[in-house]
Amino acid sequence: MSASQSAVRSRAEAVAVSRTFDWMILFVLFTVVLGGYHIHFMLTGGDWDFWSDWKDRRLWVTVVPIVAITFPAAVQACLWWRYRLPIGATLCVLALLLGEWINRYMNFWGWTYFPINICFPSQLIPGAIILDVVLMLSGSMTLTAVAGGLGWGLIFYPSNWPVIAPLHQPVEYNGMMFTLADLSGYHYVRTGTPEYIRMVEKGTLRTFGKDVAPVSAFFSGFVSVIIYFLWHFFGKWFAGTGFIADDAS
Amino acid sequence: MKIIKDKIASLSFVALLMALTAAMFYTPTASAHGEKSQAAFMRMRTIHWYDLNWSKDEVAVNETVTISGKFHVFGGWPESVDEPDVSFLNIGIPGPVFIRAGSWIGGQLVPRSVALSLGETYDFKVLLKARRPGDWHVHTMMNVQGGGPIIGPGKWVTITGSMSQFVNPIVTLTGKTLDLETYNIGNIYFWHAIWYAVGVAWMWYWAKGPIFIPRQLAVASGKANTLISSGDKKVGIAFLVGTIVANAVLMGTTNEAYPVTTPLQAGTMRGIIPLELPVPSVSVVVDDATYRVPGRAMQMSLTITNNGDSSVRLGEFMTASVRFLEPDVLEDETGYPDDLLAEEGLTVSDNSPLAPGETRSVSVTASDAAWEVYRLADLIYDPDSRFAGLLFFYDEAGNRQMVMVDAPLIPSFI
């Protein structure tokens, strides 16, 4: 077989090779995104995502969706504009959560013995499905940024509430009131993470009384819209193949 | 010859593999907390821990240990460290091998950060409940915002038993009894698994057909619009609506299941009450101080005046958690960590009882290997070469007075 001949000799072989190629690329994409997104998210979301006593109704709700919409926007740009595949956001979030769960179970629990109920990751899959479906239905980056990005921010708190609500039950402990999450953070000693590092319940949303989570979620959604645009362009640029001569021409 | 060379080569390879394997399996426990690497001035001129007591050296899982004592917030706090306006009484242990069942400063529970005042002395107590078996080095620790962790003395405590026996029962304000060690974990796994399955289902829907090459070819040839069918859109709408409705319903059912929830509790606690210590009747002036590098000894020339009504003797100099004792006056009976105790480390040129009204100039030498072992000698490389510490004087009845000293230090290299 010369170099100019095809490696496959029938349509069936071509399909089989194409499918093999699909799974290989999907696997590589999944693991590369897992690594990159995970590092990005640990560096930017960090403790808000690590600890249950950081998952508050103001800053966690605000920060996590904003820093988490980055990779989904970028990967969506690549998979949609090149392949019309509306799975970029879901793929990213599934990869991130798999990496996070491996980390939380193997390291946080298996290595340093923090119970999982203090160090579980935030839930992002519902927001990712919204982003992917809005992109598929609209085929528009702008609409996905505005409607999808807003939805991404707004659904974050409700989608996590079934998991964190039990930890927000109040407890009286040695004459002070805690939530169960606060008490976990106090009981399970983090030598390198003093309490004052915890950025929760800070801000100026006092006029909204106790109902600040929706306001925070709206704000998070608005900023997510902007971040979506930015990272969507990053994704488009990064997925370019201008370095290939044929494509460049 | 070639056979011998081959044998040597193959044996060397095997030896290399064995060495690598052994290195991988050799994972000694990291038990130190970096206390020796912390700048000497941080340990000497910030928080002075004293009168420390670890209630037990060995406990079973679920039993408690209390660490109690006092700490003095040094009045000459170094400029390069933020003042302790936001501080957290922590504990230096390798992860949650104990749980912190309680911590108090001045009798006030301090689960959150506190404001401390310079020059004041506070009593404290930390209650630890044993969780994970092993030998653990347990340090007192004060975290200061803008200053970092200021670590105090550490002592080894052994935990026996099995971690599987550990329980952490809590009663909520709604009357529910639960074990915080395991509470809600099943719920966390369940919802994460459900949503992960939904995400995988969405991925699978698209991955079951050709993904990359055929779709890329279609897009490149201008047939991108044919790649999303009406069926795809219907499935997408089902996922979208299902996701939104499911979350709305779950929000409602969760609120019904947990009608009483409160926000996370936060905020600095102010107004912590310091100890009301009597004003010392002994006054001390540091005339000069030198640190002799070859001898690992610090020498101070002090002018001591006894303004009280009972004669006193100098019994101890303490700095950076290292206690230098004058053996004729004081013997430690508290079980203080050996490596931080220089039982005969303090020499006073004239330590005969200082009578009321008397003033005396003495030369005091604090010498011990601890200067080197605990890297306190590095003080001479600090940008602000000063030392600080606590002097403890004892009268005839055994009453103790604490006097703070703070002065420039001149190194002596010969």
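Throughout, read-outs are computed from the coordinates displayed, never taken from laboratory work. Note that the structure is a prediction, hence the values are computed from the model and not measured. Glycine also receives a Cβ, built like all others from the backbone with ideal geometry; neighbour counts cover every protein chain displayed.
FRET efficiency for the pair residue B:207 and residue B:55, taken as 1/(1 + (r/R0)^6) with r the Cβ-Cβ distance and R0 = 45 Å, rounds to 0.15. Can you work out the PRE-style zone for residue B:109? Point 7 Å along Cα to Cβ, and I want the residues of region A:150-190 with backbone N under 14 Å. From region A:150-190, the list is A:170-187.
Can you give the FRET efficiency for residue B:283 and residue B:338, using 1/(1 + (r/R0)^6), R0 = 45 Å, r = Cβ-Cβ distance, to the nearest 0.05? The formula returns an efficiency of 0.85 here. Rounded to the nearest Hz, the phi-derived 3J(HN,Hα) couplings of region B:128-136 under the Karplus curve 6.51 cos²θ - 1.76 cosθ + 1.60 (θ = phi - 60°) are 10, 10, 5, 10, 10, x, x, 9, 10, where x marks glycine and proline. Taking every DSSP bridge with both residues inside the protein assembly as shown, close to 90 percent are antiparallel. With a threshold of 27 Å on the Cα-Cα distance, the over-threshold entries among A:202/B:155; A:55/A:236; B:129/B:155 are A:202/B:155; A:55/A:236. To the nearest 10 degrees, how steep is helix A:88-103 against the longest Cα principal axis of chain A, on a 0 to 90 scale? Tilt of helix A:88-103: around 50 degrees. Summarising the amide proton neighbourhood of residue B:106: residues at separation of 5 or more, or on other chains, whose placed amide H is nearer than 5 Å comprise B:123, B:124. Label region A:79-177 by shape, choosing from rounded, prolate and oblate, from the square roots a ≥ b ≥ c of the eigenvalues of the Cα gyration tensor; if a/c is under 1.5 it is rounded, and otherwise prolate applies when a/b is larger than b/c, oblate when it is not. Because a/c hits 1.5 or more and a/b fails to exceed b/c, region A:79-177 counts as oblate.
Dimensions of the protein assembly as shown from C-alpha coordinates, computed as largest minus smallest value along each principal axis and given longest first, are 106, 86, 49 Å. First select every other residue whose beta carbon is under 11 angstrom from the beta carbon of residue B:103; then total the charges, Lys and Arg +1, Asp and Glu -1. Here the count lands on +2. Here the 3J(HN,Hα) profile of region B:350-360, calculated from phi with Karplus coefficients 6.51, -1.76 and 1.60 at θ = phi - 60°, is 9, 10, 5, x, 8, 5, x, x, 8, 10, 9 Hz, Gly and Pro shown as x. In summary, the helical segments of chain B meeting the span-like criteria, namely a full DSSP H run, a Cα extent along the axis of 24 angstrom or more and a mean Kyte-Doolittle hydropathy of at least 0.5, are B:2-25, B:185-207, B:230-257.
Taking chain B as a Gaussian network of alpha-carbon nodes connected by springs under 10 Å, the highest mean-square fluctuation of the residues B:157, B:286, B:260 belongs to B:260.
Each principal axis of region A:12-240 carries a Cα extent, and these read 72, 42, 26 Å when sorted largest first. Using only Cα atoms, find the angle between the long axis of helix A:149-164 and the longest principal axis of chain A, and express it within 0 to 90 degrees, rounded to the nearest 10. Long axis of A:149-164 versus the principal axis of chain A: about 50 degrees.
To the nearest 0.05, what FRET efficiency results for residue B:262 and residue B:237 with a Förster distance of 41 Å applied to their C-beta separation? So, using R0 = 41 Å, E works out to roughly 0.60.
Available extension along the chain between residue B:380 and residue B:23 is 124.7 nm, counting 0.36 nm per residue and deducting the alpha carbon span. Helix A:59-68 and the longest principal axis of the Cα set of chain A meet at an angle near 10°. When chain B is treated as a GNM with alpha-carbon contacts under 10 Å, the residue of B:226, B:66, B:46 showing the greatest mean-square fluctuation is B:226.
Projected label points at residue B:220 and residue B:171, each 7 Å from Cα along the beta carbon direction, are separated by 7.2 nanometres. The amide H of residue B:156, built 1.01 Å from its N in the peptide plane, has B:138 as neighbours under 5 Å, considering only residues 5 or more places off or on other chains.
Annotation for region B:352-414: chymotrypsin sites (Phe, Trp or Tyr not before Pro) lying in DSSP loop with at most 16 further Cβ atoms inside 10 Å of their Cβ are B:413.
P(r) tail for region B:179-257: Cα pairs beyond 18 Å make up 60% of the total.
GNM on chain A, alpha-carbon springs under 10 angstrom: the most fluctuating residue among A:137, A:96, A:180 is A:137. Need the list of lysines near residue B:233 for cross-linking: C-alpha distance under 21 angstrom, and skip anything on the same chain fewer than eight residues off. Correct list for residue B:233: B:208, B:223. Judged by the ratio a/c of the largest to the smallest principal axis of the C-alpha gyration tensor, region B:282-412 counts as oblate, that ratio being 1.5 or greater while a/b is no larger than b/c. Computed from label points 7 Å out along Cα-Cβ, the spacing between residue A:11 and residue B:290 is 9.9 nm.
Placing pseudo-labels 7 Å out from each Cα toward the beta carbon at residue B:349 and residue B:156 gives an inter-label distance of 4.1 nm.
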